[in-house]
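Notes follow once the structure below has been shown.
Each reported figure results from applying straightforward, stated rules to the coordinates on display, with no laboratory input. It should be emphasised that the depicted structure is a prediction, and the values quoted were computed from it without experimental measurement. Using ideal geometry, Cβ is built from the backbone for each residue, glycine included, and neighbour counts are taken over all protein chains shown.
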Amino acid sequence: MTVTLRPALGRDLAALYRLEQVAFTGDRFSRRQLWHLLNRAHALTLVAEQRSPEGGPPRLLGYGTLLFRRGTRRARLYSFCVHPDVRGSGLGRRLLEALEAEALAREAEVLGLEVRADNQVALGLYRRMGFRPERWLGDYYEDGCAGWQMAKPLQAEPGAARVREG
Ligand SMILES: CC(C)(COP(=O)(O)OP(=O)(O)OC[C@H]1O[C@@H](n2cnc3c(N)ncnc32)[C@H](O)[C@@H]1OP(=O)(O)O)[C@@H](O)C(=O)NCCC(=O)NCCS
């Protein structure tokens with residue numbers, strides 16, 4: 001399976017919305033919220049897409065969005081998911097590594113995120129990738145589930161490549 005990572009474009013909105021429906025069980029973004037994320041200057045979304053060898057439309061298999069704020073070198077991983085059909089094949093880790101490289105390229109020194117306390121797969125991935133819990137967030141999600149705020153100091157890895165524009 002050849003999967004390419006690239007920055008999201010306005011035309012990805014419909015596919016992103018469909019992915020959001022199947023990838024998350026709650027706290028999903030609306031179409032309007034996704035539009036806002038794609039079109040505001042201080043957010044960056046990377047998408048993972050699989051191109052069909054027959055030349056049909058590419059399939060969106062994952063995405064992650066970073067938020068940046070003026071006056072701080074802390075970026076935030078705001079949304080991140082992989083299509084259920086292809087989970088466990090390393091795409092989540094690859095996407096997260098690419099997002100870290102993008103945050104570093106924008107001079108972020110720390111990447112922060114929030115994750116549901118019952119999301120063992122995401123928590124395990126974040127821990128193994130060097131994120132550490134910073135703060136317990138009681139009653140944080142729409143169903144009352146608690147969360148963890150986590151963060152990772154960012155450092156340039158020799159040879160780590162950013163994704164190309166396109
Ligand atoms: C979290 C998520 C993005 C991970 O994507 P993925 O493509 O499955 O991730 P990977 O294949 O790179 O696997 C990441 C790690 O989790 C492990 N893993 C994946 N699926 C697993 C499962 N069902 N059970 C246990 N471990 C699992 C992998 O072994 C891997 O371990 P490693 O880091 O030691 O190699 C994906 O599960 C997802 O979209 N979940 C729903 C949305 C979500 O929870 N997003 C995060 C919100 S904070």
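Normalised by the number of residues in the chain, what is the relative contact order in percent for Cα pairs under 8 Å and 6+ residues apart? Write out the running numbers ahead of the final one.
On the way: 285 pairs, mean separation 32.4, N = 166.
It comes to 20 percent, rounded to a whole number.
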Problem set entry | Net +/- balance of residues flanking GLY90 in space, Cβ distance below 13 Å, scoring K and R +1, D and E -1 | +3
Exercise. How large, in Å, is the chain by the Kirkwood hydrodynamic radius built from its alpha-carbon pairs?
Worked result: 16.4
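Show me the helices of the chain, taken as full DSSP H stretches, that run 18 Å or more along their long axis by Cα and average 0.0 or above in Kyte-Doolittle hydropathy.
On the way: long enough: 91-105 (21 Å, 0.42).
Passing helices, by number: 91-105.
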Seminar exercise, completed: With Cα springs under 10 Å, the Gaussian network model of the chain assigns the largest mean-square fluctuation among GLU114, GLU54, GLU142 to GLU54
Exercise. Say each of ALA146 and GLU134 gets a label point 7 Å from the Cα, pointing the same way as Cα to Cβ; how far apart are those two points in nm?
Worked result: 1.9
For this session: Any chance you could run the full-extension gain for TRP35 through ARG162? It's 0.36 nm times the residue separation minus the Cα-Cα distance, nm to one decimal.
Result: 43.3 nm
